[in-house]
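The block underneath contains the structure these notes are about, expressed in structure tokens.
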Amino acid sequence: MRWKKLLLLLLIIGIIFYLTTCAKKVTPKPNTTFIGDIEISEKASTGTISFKILGDGSLITSISITLTDVKANGFSAGSITQRNDTSFSITEGNIDASISAIGDIKGRFTSPTKANGTIHLLLEVLNVTYDLGTWNWSASTD
């Protein structure tokens, strides 16, 4: 009876090892642009995220955020676009970057043409930073 439990334990350990080390990592489609929605409420009526994938699919650049009907901490605007052309790496299909004038973005590519995650938006207007909170986003290729 003990050998059956040991065999089951070894099988579970093997499955966990496979899933954490051998499972396929998603690489985004190279030289494409991802565009999608930010599920923002209370602070703006709509939000859009876009970014470009460079080279072999290991770099993101030209990330931009567009918000419409912004209402945040005493500030309002019809439409604002924040853009940053800094490149940052994609590690094993994951996005994790702090981007000046935009905020912190985290996410994962779920396929070569789809990604999703969260973004903590920091809107900079006339040298004042407005914290808009953390929101979900999803994007896909054109």
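Just so you know, all these numbers are worked out from the coordinates, no wet-lab data involved. For clarity, every value in this text was computed on a predicted model and none was experimentally measured. Because the Cβ atoms are built from the backbone with ideal geometry, glycine has one as well, and the counts that use them run over all protein chains shown.
Rounded to the nearest 10 degrees, the inclination of helix 2-17 to the longest alpha-carbon principal axis of the chain is 30 degrees. 3J(HN,Hα) along region 101-113, derived from phi through the Karplus expression 6.51 cos²θ - 1.76 cosθ + 1.60 where θ = phi - 60°, amounts to 6, 10, x, 9, 10, 10, x, 8, 7, 8, 7, x, 10 Hz, with x in place of Gly and Pro. Ala77 sits among other residues whose Cβ lies under 10 Å from its own Cβ, and their net charge, with Lys and Arg +1 and Asp and Glu -1, is 0. Cα centroid separation, region 38-87 to region 93-126: 9 Å.
If the limit is 24 Å between Cα atoms, which of Lys25/Lys52; Lys4/Lys25; Lys29/Lys71; Lys25/Lys114 go over it?
Details: Lys25/Lys52 19 Å; Lys4/Lys25 33 Å; Lys29/Lys71 35 Å; Lys25/Lys114 13 Å.
As for pairs spanning more than 24 Å Cα to Cα, those are Lys4/Lys25; Lys29/Lys71.
What stretch of the chain, leaving out the sites themselves, is the longest with no trypsin sites (Lys or Arg not before Pro) in a DSSP loop having at most 15 other Cβ atoms within 10 Å?
Details: sites that count: Lys24, Lys25.
Formally, the longest exposed-site-free interval is 26-142.
How large is log10 of I(q)/I(0) for region 26-141 at q = 0.19, 0.20 Å⁻¹ when the intensity is taken from the Debye formula with one equal scatterer per alpha-carbon? Summing over Cα pairs of region 26-141 leads to -0.91, -1.00.
Just add up the charged neighbours of Thr118: K/R +1, D/E -1, any other residue whose Cβ is under 15 Å from the Cβ of Thr118.
Details: positive: Lys43, Lys106, Arg108; negative: Asp37, Glu39, Asp96, Asp104, Asp131.
Combined, the nearby Lys, Arg, Asp and Glu give -2.
The Cβ shell under 9 Å around Ala101 holds other residues with a net charge of 0, Lys and Arg each +1, Asp and Glu each -1.
Adding -39500 (n - 2.57) for every DSSP H run of four residues or longer, then dividing by how many residues the chain holds, sets the calculated 222 nm ellipticity at -3500 deg cm²/dmol. Which of Leu126, Leu67, Leu59 moves most in a GNM of the chain, Cα contacts under 10 Å? Among Leu126, Leu67, Leu59, the largest GNM mean-square fluctuation belongs to Leu126. Rounded to the nearest 20 debye, the dipole magnitude of region 26-141 is 220 debye, with +1 charges on Lys and Arg beta carbons, -1 on Asp and Glu beta carbons, and the Cα centre as origin.
3J(HN,Hα) along region 30-46, derived from phi through the Karplus expression 6.51 cos²θ - 1.76 cosθ + 1.60 where θ = phi - 60°, amounts to x, 6, 10, 10, 9, 9, x, 9, 9, 7, 9, 9, 6, 8, 7, 7, 9 Hz, with x in place of Gly and Pro.
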